[in-house]
Amino acid sequence: MSTAIFSAIESGFIYAIMALGVYLSFRILDFPDLTVDGSFVTGAAVAAVLIVNGTNPFLASAVALLVGFVAGSVTGILHTKGKINPLLSGILMMIALYSINLRIMGRSNVPLLQQDTVMTAMTEAWQKAGLDEAINGIFSFSGFVPRTWAIFVTMALVAIVIKLLLDQLLKTEIGLALRATGDNKQMVSSFSANTDWLTIFGLGLSNALVAFSGALVAQYGGFSDVGMGIGMIVIGLASVIIGEALFGARTIARATLAVIGGAIVYRIILALALRVKFLETGDVKLITAVIVMIALIVPNMIAAQKEKRRKKRKAQERGEHVASA
Amino acid sequence: MLLALKQVTKVFNEGTIDEKVALRSINLTLAPGDFVTIIGSNGAGKSTMMNIISGRLFPDTGSVWINGKDVTSLREHERARYIGRVFQDPLAGTAPNMTIEENLALAYNRTKRRTLKFGVTKKRRDFFREALATLHLGLENRLTAKVGLLSGGERQALSLLMATFTKPDLLLLDEHTAALDPARAELVTELTKEIVEKYKLTTLMVTHNMEQALRLGNRLIMMDQGQIIFEASGNEKQSLTVERLLQEFQRIRGSQFASDRAVLG
Ligand SMILES: Nc1ncnc2c1ncn2[C@@H]1O[C@H](COP(=O)(O)OP(=O)(O)O)[C@@H](O)[C@H]1O
Ligand SMILES: [Mg+2]
């Protein structure tokens, strides 16, 4: 049980990087970008093929990030220069990437099991340094010993560093213009900012994070598969929505932290759901869709309930006034 | 000349039954420091003219010149280096989910290239606070409040500040007090007058309030059906009255001045 939760959190940190990308497009740019399903796999495919061909896994992951940036930029160009509507721009790019991903991999699945990856490199380094023993010592009271802490800790650090960088970026002059583009596009142009360029840059950045996450997921799971991105956008949205509902989004720093939290909570819910007897691995997408539906509907229902109760209370107060008058 | 419109024509939905000639061969020049008020019936083409000057719309024929440079083909964000703008809708000029200081920082970069330096620094925050204090609305104490929380009047005053505190060559105001209640409208009008005088801004102001159009500025133009039908400046403008304006309109057009929103003062 605790092993399942442990890996849920571990992978939650990796998927959180993708969710931060989705946060950037959906929330900051107000652009419902469906490129994600394709660019996630592009990241995985690029990293996997490079690693199989002997490239250093860290370098391979960085290249995946850059290729993701290009993919996102193309979606941005389709929308701003090609005047194609946002949803369609993303869908077109997603479909195009499916074939491109197959081309990159040369087949539908590239296994990474015997390869040196970011994950194996970190695990080895930790073992050499004896860090696992140290941490297990601290947590000895819990009686829980994972196979390694290396991935858990490094992925948590990577996700948090990316979150902090994103927070800082969104406070810069360019970052403010990026946010305003999603908030009031017309106004941004009247203050000399090129919203076309900002949209292209923002979508590039968003998909860079998505592809980077894909590269890490491939190395974590030990393979890249052409179908591994199906429904990724929904998982990203689930993380954003769950995170915002549970942890709030009053400031940017708060919202990005919430997105990481949301990604982890989503993984935990999924792990728990899969322990229910009649649910199987094939049901994952259905479970995801249901989680998002609940996350979207429940907060509204709660708010409506509160409003109703408030109105009722007000009416009663008024009624009592009338009665006593 | 600071601004020149040469033979500007704009037709909407050309060749359809909805064809509408919004501007007919408009010629207009502004000298530096001119403060021109614009009045005219609904649909006269006032907003279309403002949009063509700012680059939000492009003319079908004719050209737009700023500071002796032909800017006709420049897009809105490129022309914005020269232009500050306030719209009728108080929601149009600010970003609601960003704070007051972030909005000001965005506006601060109108004339400067945006970089990866922080938009709000300590030095700039002091400058913003000082600028906000001139609005007398207490906004200088609410730098980190989201702009979406402000009232319409506060937002419009902030929009005015954002459009002007970087001293644009040309200020465009399109009925920027029309959506406010009379007290707030008066306040924003007063602020406009103060700011334009302080920075000696060359200004084009569309207003539906004739009395205001007479009281403010050194020139007045009246538009109707896509044309400038009447102009007055200097002493002639000083001696104008609302009645005279209405008479002029009737004399030129042979019909009553029609504007459901016109305030005759
Ligand atoms: N985008 C547009 N498409 C079609 N017709 C338009 C458009 N914008 C303005 N018009 C028409 O052009 C004319 C001038 O409009 P406008 O410049 O907004 O007038 P004003 O600001 O003087 O009230 C009006 O008849 C209006 O209906
Ligand atoms: Mg108008």
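Values for this structure:
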| quantity | calculated |
| --- | --- |
| Whichever residue in the stretch B:42-55 is open to solvent by 30 Å² or more (accessible area, probe 1.4 Å) and in a helix (DSSP H, G or I) and, among such residues, is farthest from ligand 2 (Cβ to nearest atom) | B:51 |
| Some residue of the stretch A:10-30 being without any contact (Cβ under 8 Å) to a residue 40 or more places away in the chain, out of contact with any helix residue (DSSP H, G or I) (no Cβ under 6 Å at 6 or more places or on another chain) and either within 30 Å of residue A:261 (Cβ to Cβ) or in the same structural domain as residue A:170 (by TED's automatic domain parsing) (or both) | no |
| Residues of the stretch B:1-20 satisfying the condition of being polar (S, T, N, Q) and in a strand (DSSP E or B) | B:7, B:9 |
| Subset of the stretch A:42-55 (residues that are out of contact with any Asp or Glu (no Cβ under 8 Å at 6 or more places or on another chain) and either crowded, with 24+ Cβ neighbours inside 10 Å or in a loop (DSSP other than H, G, I, E, B) (or both)) | A:42, A:43, A:45, A:46, A:47, A:48, A:53, A:54, A:55 |
| Within the stretch B:161-265, strands (runs of 3 or more DSSP E) holding 2 or more residues that are surrounded by fewer than 16 Cβ atoms within 10 Å (Cβ to Cβ) | B:227-233 |
| Test: residue in the stretch A:73-95 that is open to solvent by less than 10 Å² (accessible area, probe 1.4 Å) and within 30 Å of residue A:145 (Cβ to Cβ) | no |
| Candidates B:26, B:17, B:53, filtered to the one that is within 14 Å of chain A (Cβ to nearest Cβ) and within 15 Å of ligand 1 (Cβ to nearest atom) | B:53 |
| For residue A:227: the one exception among (1) at pLDDT below 95; (2) surrounded by fewer than 23 Cβ atoms within 10 Å (Cβ to Cβ) | (1) |
| The lone exception for residue B:33 - which of (1) open to solvent by 60 Å² or more (accessible area, probe 1.4 Å); (2) assigned to a loop (DSSP other than H, G, I, E, B); (3) more than 14 Å from every other protein chain (Cβ to nearest Cβ) it fails | (1) |
| Residue B:90 being more than 12 Å from ligand 1 (Cβ to nearest atom), under 17 Å from residue B:173 (Cα atoms), open to solvent by less than 20 Å² (accessible area, probe 1.4 Å) and not hydroxyl-bearing (Ser, Thr, Tyr) | yes |
| Filter result (closer than 13 Å to residue B:8 by Cα, more than 9 Å from ligand 1 (Cβ to nearest atom) and in a loop (DSSP other than H, G, I, E, B)) within the stretch B:56-70 | B:58, B:59, B:60 |
| Every pair of residues 6+ apart whose Cβ atoms lie under 6 Å, when the first sits in the stretch B:237-265 and is farther than 12 Å from residue B:223 by Cα while the second is at pLDDT below 80 and open to solvent by 50 Å² or more (accessible area, probe 1.4 Å) | B:242/B:264; B:242/B:265 |
| Criterion (assigned to a helix (DSSP H, G or I), surrounded by 24 or more Cβ atoms within 10 Å (Cβ to Cβ), away from chain B (no Cβ under 14 Å) and at pLDDT below 95) met by exactly one of A:242, A:260 | A:242 |
| Residues that are more than 13 Å from the chain's Cα centre (by Cα) and open to solvent by 10 Å² or more (accessible area, probe 1.4 Å), drawn from the stretch A:1-28 | A:1, A:2, A:3, A:4, A:5, A:6, A:7, A:9, A:28 |
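The values are calculated or read from the model by the stated rules, or taken from the named source; none is laboratory data. Quantities reported herein were computed from a predicted structural model and do not represent experimental measurements. With ideal geometry, Cβ positions are generated from the backbone for all residues, glycine too; neighbour counts draw on all protein chains shown. To get the accessible areas, we keep the full protein, side chains included, count just its heavy atoms, and leave off ligands, DNA and RNA. Shrake-Rupley method; radii C 1.70, N 1.55, O 1.52, S 1.80 Å.
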